[in-house]
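Comments concern the structure below.
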Amino acid sequence: MKIDIVTIFPEIARGPLGTSIVGRAAEAGLVEIGYHDLRDYTTDRHRQVDDLPYGGGPGMVMKPEPFFAAVADLRREGSKVVMMTPQGLPFRQAVAEDLSRESHLVFLCGHYEGVDHRVVEALVDLELSIGDYVLTNGTLAAAVVVDAVARLLPGVLGDGRSAEVESFSGEGRHLEGPHYTRPAEYAGRRVPEVLLSGNHAAIAAWREQEGLARTRRNRPDLLGGVEV
Ligand code: ADE
């Protein structure tokens, strides 16, 4: 998969995505990530990417021209253009799974009060938000989405099963239960006996029950309860 990130702060994405599992996946050629400075697509001497909002109001709005030039440069047959914005569709595991089946993603990252809406109308296939809070910049949000998508690509996670048996994926959507490793007793607390029993059916049932209890406690909305 090819991924291009267009932002005035490429280093914000390069840091997290150049490290650990995604960094290694890129080195191995499992995913190719391009980092593009939006200012490289300006044509004026000051490399200006923002301007005053029509109709007044606080803050600046990002100009359309550099985004149009960037997309014209990067988009090809079958590309999907994603705009990161708090006004977007909520990003969830199911969206990560859909995006992981694409061949080319172009992420446009906003800054300031917003981006000229003609960019969204003319160029964007999907507006995405990573949560109900406002970041200073969409680049961190794009890095979150790219991380979640990249780990689903074939070969990126060593053990293929670990992408399947986890919270938010699959049918019966509830959170995972707790995990333990050695030692069996630490800080006066013992690992639950069932995990030491070797009884795989009992272990699976225990994990299911713990996952459900945690979901009831932390995310009742996943079980059709109250939105949190
Ligand atoms: N830009 C600023 N806040 C954001 C958010 N929550 N999701 C996506 N992009 C953003």
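The range 119-136 and the range 181-199 have their alpha-carbon centroids 45 Å apart.
Mind running the shape call on the range 52-154? Use the C-alpha gyration tensor, a ≥ b ≥ c as the square roots of the eigenvalues: rounded below 1.5 for a/c, prolate if a/b tops b/c, oblate otherwise. It is oblate, given that a/c is not under 1.5 and a/b is not larger than b/c.
Each residue, residue 54 and residue 132, gets one label point 7 Å from its Cα in the Cβ direction; the gap between the two is 3.2 nm.
If contacts are Cα pairs under 8 angstrom and at least 6 residues apart, what is the relative contact order of the chain in percent?
Reported as a whole number, the value is 19 percent.
Residues whose amide H comes within less than 5 Å of that of residue 80, counting only those at least five positions distant or on another chain, are 104, 105, 106 (H built at 1.01 Å from N in the peptide plane). Projecting label points 7 angstrom from Cα along Cα→Cβ for residue 210 and residue 196 puts them 1.4 nm apart. Per residue of the chain, the DSSP helices (runs of n ≥ 4 H) give a summed -39500 (n - 2.57) that works out to -9500 deg cm²/dmol at 222 nm. Relative contact order of the range 86-183, taken over Cα pairs closer than 8 Å and 6 or more residues apart, is 35 percent. Note on the chain: GNM, Cα springs under 10 Å; of 70, 141, 122, the largest mean-square fluctuation is that of 122. If you run the Gaussian network model on the chain, springs between alpha carbon atoms under 10 Å, then out of 54, 180, 112 the most flexible one is 180.
Between the Cα long axis of helix 200-218 and the first principal axis of the chain there is an angle of about 50°, rounded to the nearest 10.
Its residue count N fixes a reference of 2.2 N^0.38 Å for the chain, and the Cα radius of gyration divided by that reference is 1.23.
For the chain, the longest piece that avoids every one of the trypsin sites (Lys or Arg not before Pro) found in DSSP loops with at most 11 other C-beta atoms within 10 Å covers 102-228.
Only the coordinates and a few stated rules stand behind these numbers; no lab work does. None of these values were measured; they are calculated from a predicted model. With ideal geometry, Cβ positions are generated from the backbone for all residues, glycine too; neighbour counts draw on all protein chains shown.
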